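Read-outs: derived from the displayed coordinates by stated rules, not from any lab. Please read these numbers as outputs of a predicted model, since none were measured by experiment. So basically every Cβ, Gly included, is an ideal-geometry build from the backbone, and we count neighbours across all protein chains shown.
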Amino acid sequence: MKTLIAYALLAITTLAVAPSCAAESPWRLGIAAGYGERTNPLILSDDIPIAVDVDIAWFGKRFFFDNGDFGYTFADNSLLTASLIARVNSDRVFFGRTNTRFINVGFDGVGLQETVLLDVPDRSYAVEAGFEVLADGTWGHLRFAAHHDVSNTHEGYELDFEYGLGWRSKRWYFQPSLGMSYKSSALSNYYWGLRPGEAFDPTLAYEPGAGVNVRGRLQLSYYISRHWAFSLAGEYERLHDGIVDSPIVRDHQTLGYFAGFRYRF
């Protein structure tokens with residue numbers, strides 16, 4: 001399960017735990033320091049730097065807290081682990097680094113441009129509830145999660161699937177993974193759409209509709225000791241076509257990377 005900070009800013013900074021580091025305490029405490037960045041696909045927006053990521057989690061017999069996610073595990077056996085999860089949606093993080101300015105918008109693909117004032121939208125975080133199913137083995141790991149807005153913010157839902165396979169050689173650990181997220185029309189329209197009142201020209205109003213984001217991730221870790229590890233990670237996520245065509249979106253993807261050291265208490 002990803003930390004809220006890591007998922008919101010990069011989704012790749014949580015390091016795998018070496019078998020020798022298995023903790024007896026219900027607490028998991030760690031900190032990663034280094035340098036990384038995640039690109040921001042919104043117009044007139046700054047990319048998101050990453051320097052420090054704090055990992056705080058507590059796991060009880062059934063209930064747990066994992067960096068902002070609250071959960072209840074109702075099934076845990078040799079085949080899978082299934083939990084109910086409450087979380088905060090991460091799409092909002094991009095809207096914290098935007099500005100309102102005049103921009104040029106092209107029409108009809110023929111180079112005709114007009115200066116239009118776009119009010120870069122102010123979007124709210126949404127509290128979502130759902131479930132997560134995890135399964136792993138020598139064949140790799142699978143994760144499926146479904147979450148629905150319970151805060152009446154976007155009133156939509158998201159389905160997420162991920163498969164990864166890791167290799168370990170002494171102190172080295174390498175893991176590639178592939179994933180996809182289905183974002184409902186209500187979720188996509190709220191975060192990535194443009195309402196009539198948010199543009200000087202109401203004809204620019206836009207609703208992306210539902211679609212699937214696809215991502216790939218690579219992670220390489222070297223365990224220096226029981227507590228220290230060094231990690232390199234990178235992620236590419238392709239936004240679905242509806243989002244890409246939005247007037248407030250400039251890029252068809254987000255790119256992220258991180259390199260740094262982690263200390264686990």
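If N is the number of residues in the range 142-233, what value comes out of its Cα radius of gyration divided by 2.2 N^0.38 Å?
Details: Rg = 19.6 Å, N = 92, 2.2 N^0.38 = 12.3 Å.
This ratio for the range 142-233 stands at 1.59.
Fewest to most neighbouring Cβ within 10 Å: what's the order for Thr81, Thr254? Each step should come with its number before you reach the end.
Numbers: Thr81 16, Thr254 21.
Result, fewest neighbours first: Thr81, Thr254.
Tally Lys/Arg at +1 and Asp/Glu at -1 over every other residue whose Cβ is under 14 Å from the Cβ of Ala75; what's the total? Present the calculation step by step, with values, prior to reporting the outcome.
Values: positive: Lys61, Arg62; negative: Asp76, Glu132.
Neighbourhood net charge equals 0.
Taking the Cβ of Tyr222 as the centre, find all other residues whose Cβ is under 13 Å away and add up their charges (Lys, Arg: +1; Asp, Glu: -1). All intermediate terms of the calculation are to be shown ahead of the outcome.
Numbers: positive: Arg168, Lys170, Arg171, Arg262; negative: none.
Surrounding charge for Tyr222 is +4.
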